[in-house]
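Here is the structure we will look at, set down as structure tokens.
Bear in mind that the values in this text are calculations on the coordinates, not laboratory data. Small disclaimer: the values here were computed from a predicted structure and weren't measured. We place every Cβ from the backbone using ideal geometry, glycine too, and count neighbours over all the protein chains shown.
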Amino acid sequence: MQCRCGKKRVRKSELHHRDGGEARSEQRGKCHADEKEADLSLLTLPPNPVCSGVSPLPTLSLAPMQDVSVLPLWRCLERRGGPDLYVTEYFRVHRDSHPEKTILRSINEMSGIKPVIAQMIGNDPEHLVRTTKLIQETSDCAGIDLNLGCPAPKVCGKAAGGALLRDRELIHRIAHELRSAVRGTLTLKTRIGFDSPEEFTALLELFASLPIDGLAIHGRTVKEKYQTPVHPESIERAVSSLPFPVTANGNIVSVDTALAMHRRTGAAGLMIGRGGIRNPWLFRQVKEALSGAEVHRPRLRDLRDYLLELGDEIDKEGDFDTETQLVHRLKKFTNYISSGISEGTLNDELRRTTSLSSFREICDRHLDSDLPFPVDPADDGKLFCGFCELV
Ligand SMILES: Cc1cc2nc3c(=O)[nH]c(=O)nc-3n(C[C@H](O)[C@H](O)[C@H](O)COP(=O)(O)O)c2cc1C
């Protein structure tokens, strides 16, 4: 297999730890996608999101998440180990769009430390190519990813995101046009169908024919949104039939669910979204578990420190007119972070607060403790749903 991946340029880290120490700047090696053909069991991660190397560990990535997979969170994750690579929230692509400056800045800060993939959402080949070139000219992204999974009505209503799965011919055209514009890796992030998992057979046939470097699969249909267990058997089918690395996504919220997803799919990569917001040590813990090392066990107090640190980072990055706006912004994260703690009362109280001083007081009251941070979130069918079925 011909490797299409560009080598990642390494530059000195611009990210500093809170204690003043400089964050680790990793030397990225060569990519060897052709090794996948030699031995599937050796698929791994970095240097490049989709190229295989020689370690038996799957590549861990942070899922793209609108308004949440952002620089303040990335900095907090990095201080706790972090994933092997980051995927940005999506750049919106249409006739009049310009790449969002905050996302470009996030890529440029993080890309000296870990590879960052820029995700786009849209359906017009010409403007996707135009945007790809602009993103590549103004950022150090390691690759471009196209969103084929977003279930939001405002996106699907414009025949983009998950709705693209209904137009395989268009996906084919977009992938071919992007291929000649993309310097690094070209990947897709898909669901297993729009209405039904039965659509996956035809989609697999399509994906196998595309000039792409990898595929991340959120193991639900678009219709299932986030409210069902995932279908690991569909991801396993993709792993065993596609000629490029597959990344498994959906409902990885703990070490056990990560190991189960890895065991049940054999995927070259594991992508973690909401579970990584809630538990910023999860990437480190999964790596420790996969390599047989002792797994780090954070305490509630560590979670309190994370929440306060995230608040500081969001404050630093945002342009808030009032404290209340900042606290509202924080709630996009705290809904996930407080899941499974104090039987929901922490989240209830945080949801009602409008000031930073009461935010801190609530965090201290619930979390200033040596008790262990719960391994699992609440499987309440709202924010987290059906992850127990994975194990
Ligand atoms: C708040 C939020 C925003 C999301 N935004 C994006 C996005 O911009 N692009 C995308 O491909 N998926 C997006 N997703 C889907 C996630 O990338 C991921 O596929 C999904 O959350 C399942 O993974 P998880 O169970 O690990 O969270 C989003 C999910 C959430 C919860």
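Taking the Cα atoms of segment 351-390, the ratio Rg/Rh between the radius of gyration and the Kirkwood radius comes to 1.12. Under Stokes-Einstein, with the Kirkwood radius over Cα pairs as Rh, the value for segment 261-323 at 10 °C and 1.306 mPa s is 112 µm²/s. The Cα-based radius of gyration of segment 191-316, divided by its Kirkwood radius, gives an Rg/Rh of 1.05. The relative contact order of segment 261-391 comes to 29 percent, based on Cα pairs under 8 Å that sit 6 or more residues apart.
Sorted by mean Cβ packing within 10 Å, highest first, what order do the peptides 370-383, 265-278 take? Display every interim value, and only then the final one.
Details: 370-383: 14.6, 265-278: 25.2.
Output ranking for 370-383, 265-278: 265-278, 370-383.
Extension gain, LYS154 to SER241: 0.36 nm times the residue separation minus the Cα-Cα distance gives 28.0 nm.
Computed over segment 60-182, the range of Cα coordinates on each principal axis works out to 42, 29, 25 Å, biggest value leading. Shown here: segment 300-367, whose C-alpha atoms stretch 33, 22, 19 Å along the first, second and third principal axes, sorted largest to smallest.
Sum -39500 (n - 2.57) across every DSSP H segment of at least 4 residues in the chain, then divide by the residue count to get the 222 nm mean residue ellipticity, nearest 500.
On the way: 15 runs with 151 residues, N = 391.
One gets -11500 deg cm²/dmol as the mean residue ellipticity at 222 nm.
Since only PHE194, TRP281, ALA293 are under comparison, the one whose Cα sits farthest along the positive direction of the charge dipole of the chain, derived from C-beta charges on Lys, Arg, Asp and Glu, is PHE194.
Taking the Cα centre of segment 124-204 as origin, sum charge times position over the Cβ atoms of Lys and Arg (+1) and Asp and Glu (-1), and report the length of that vector in debye to the nearest 20.
Values: 11 positive and 11 negative charges, 25 e Å.
For this selection, approximately 120 debye.
Would any residue of segment 352-366 have its amide N under 20 Å from a label point 7 Å out along Cα→Cβ of HIS328? List them or say none. It comes to 352-360, nothing else. Relative to the Cα centre, the charge distribution of segment 300-367, modelled as +1 at Lys and Arg Cβ and -1 at Asp and Glu Cβ, gives a dipole magnitude of about 260 debye.
Between GLU177 and SER342, take the C-beta separation as r, use R0 = 56 Å, and let me know the FRET efficiency to the nearest 0.05. The value I calculate is 0.65.
Note down the net charge around LYS287, summing +1 for each Lys or Arg and -1 for each Asp or Glu among other residues with Cβ under 13 Å from its Cβ. It would help to have the intermediate numbers written out before the result.
Details: positive: ARG80, ARG284; negative: ASP84, GLU288, GLU294.
Around LYS287, the surrounding residues sum to -1.
Here is the link list: LYS223/LYS287; LYS316/LYS382; LYS114/LYS332; LYS101/LYS225. Which ones come out longer than 27 Å on Cα distance? Let's see the in-between values first.
Details: LYS223/LYS287 32 Å; LYS316/LYS382 30 Å; LYS114/LYS332 24 Å; LYS101/LYS225 29 Å.
Among LYS223/LYS287; LYS316/LYS382; LYS114/LYS332; LYS101/LYS225, the Cα-Cα distance tops 27 Å for LYS223/LYS287; LYS316/LYS382; LYS101/LYS225.
Only one residue of ILE103, GLY311, ALA181 has its Cα farthest out toward the positive end of the dipole of the chain, where Lys and Arg carry +1 and Asp and Glu -1 on Cβ, and that residue is ALA181. Principal semi-axes of the equivalent ellipsoid, √(5λ) from the alpha carbon gyration tensor of segment 145-221, are 19, 14, 11 Å from largest down. To the nearest Å, what is the center-to-center distance of segment 299-315 and segment 145-197, using C-alpha atoms only? Taking the Cα centre of each part, segment 299-315 and segment 145-197 sit 35 Å apart.
Given Cβ point charges of +1 (Lys, Arg) and -1 (Asp, Glu) and nothing else, what value in debye, to the nearest 20, does the dipole of the chain about its Cα centre take?
700
Across segment 300-367, the relative contact order, built from alpha-carbon pairs under 8 Å that are at least six residues apart, equals 38 percent. When the alpha carbon coordinates of the chain are projected onto the principal axes, the ranges are 56, 43, 42 Å, largest first.
For the chain, what is the relative contact order in percent, using Cα pairs closer than 8 Å and at least 6 residues apart in sequence? List each step's numbers first, then the result.
Values: 823 pairs, mean separation 56.1, N = 391.
Taking the mean separation of contacting Cα pairs over the length of the chain, I get 14 percent.
When you count, for each residue, the other Cβ atoms within 10 Å and take the mean per peptide, how do 71-84, 110-123 rank with the highest first?
Working: 71-84: 22.4, 110-123: 25.0.
The peptides rank, most packed first, as 110-123, 71-84.
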